[in-house]
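Readers should treat all values here as calculations from the given coordinates under stated rules, not as data from a laboratory. All values derive from a computational prediction rather than experimental measurement. All Cβ positions, even for glycine, are placed from backbone atoms using ideal geometry, and neighbour counts span all protein chains on display.
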Amino acid sequence: MKVFLIFLSAILVNNFVLQRFLGICPFLGVSKKIDTAFGMSLAVVFVMLLASIITWLLNGVLILMGLGFLKTIVFILVIASLVQFVEIFLKKTSPALYEALGIFLPLITTNCAILGLALLNIQNEYSLVETVFHALGAGIGFGLALVLFAGIREQLEFADMPKPFKGLAGALITAGILSMAFVGFSGMIKL
Amino acid sequence: MVFVNSIILLGALGFGFGTFLAFAAKKFEVKEDPRLEKIVEVLPSANCGACGYPGCEAFAKAVLKGEAPKDGCLPGKAQGVSEKIKKILEEG
């Protein structure tokens with residue numbers, strides 16, 4: 001039961017982008033088209049899932065060896081390697097998506113949402129199963145925010161806006177309003 | 001003791017991930033234009049974006065496609081980058 005609540009809260013109540021304000025860089029950078037936003041979300045879900053499992057296991061090793069202070073460095077190492085693998089894999093299997101994501105694919109490494117998720121799993125003392133569902137929820141929540149915003153931005157291109165608000169300025173204001181909309185979910189699930 | 005443990009753990013992790021990535025790179029290799037790597041090598045690798053492209057590799061690809069001018073790299077002008085690019089493109 002708790003697992004299901006963790007999963008749902010990571011998507012809606014504690015959305016990583018719109019509530020925790022993590023991962024804003026790809027949120028603004030890849031959300032111009034729905035297709036790239038969706039592709040980016042898939043990559044992020046994959047990295048989040050694998051990174052959470054591997055870092056959770058490695059944290060056990062770190063504590064066993066009394067090296068808890070190495071947590072941040074080790075987690076970054078894991079995430080960087082995983083993202084590099086995703087890059088290599090994507091370049092071969094889907095060159096179109098690789099080109100569309102461009103510089104934002106390797107930037108997943110520095111995406112604070114991934115590291116934040118890994119550290120949160122440890123901080124909240126989740127078991128491995130809870131970690132997996134937390135990661136899945138976080139990834140899906142990230143994808144939801146991204147695709148939603150991409151859809152809005154595609155429509156915003158055709159809207160008649162005053163000159164100071166055109167482009168990124170209007171997009172940022174819209175992002176704020178979208179975040180406010182998600183505040184409506186807060187308090188729904190108390191963990 | 002902590003010192004030794006840290007070195008062993010980080011060393012093992014680095015070696016493990018490095019090996020895994022080396023295997024993956026071989027398995028998922030993509031055949032690229034060999035001139036691309038040569039051009040990237042002569043660029044300053046600052047990824048400053050002054051050329052208007054997101055990173056030095058993107059500029060190199062645009063030069064190969066013929067979309068970017070050979071002297072588009074501003075920091076590289078002093079180092080004679082455009083001549084080196086011209087040479088690479090002529091040699092083929």
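Observations on the model:
- Here segment A:68-175 is treated with +1 on each Lys and Arg Cβ and -1 on each Asp and Glu Cβ, and its dipole about the Cα centre works out to around 200 debye.
- Percent breakdown of C-alpha pair distances by 10 Å bin, ordered from the shortest bin, for segment A:120-173: 21, 31, 19, 18, 10, 0
- Chymotrypsin sites (Phe, Trp or Tyr not before Pro) restricted to segment A:107-174 and DSSP loop, no more than 10 other C-beta within 10 Å: A:158
- All C-alpha to C-alpha distances of chain B, sorted into 5 Å bins beginning at zero, yield P(r) values of 2, 13, 18, 16, 10, 10, 10, 9, 7, 4, 2, 0 percent in whole numbers.
- Global form of the protein assembly as shown, assessed from the alpha-carbon gyration tensor, a/c cut-off 1.5: oblate
- Backbone N under 20 Å from the residue A:4 label point (7 Å along Cα→Cβ), restricted to segment A:122-141: A:127-141
- Packing rank of B:1-12, A:16-27, B:33-44, where each peptide gets the mean count of other beta carbons within 10 Å, highest leading: A:16-27, B:33-44, B:1-12
- Shape of segment A:98-191, Cα gyration tensor, a/c cut at 1.5: oblate
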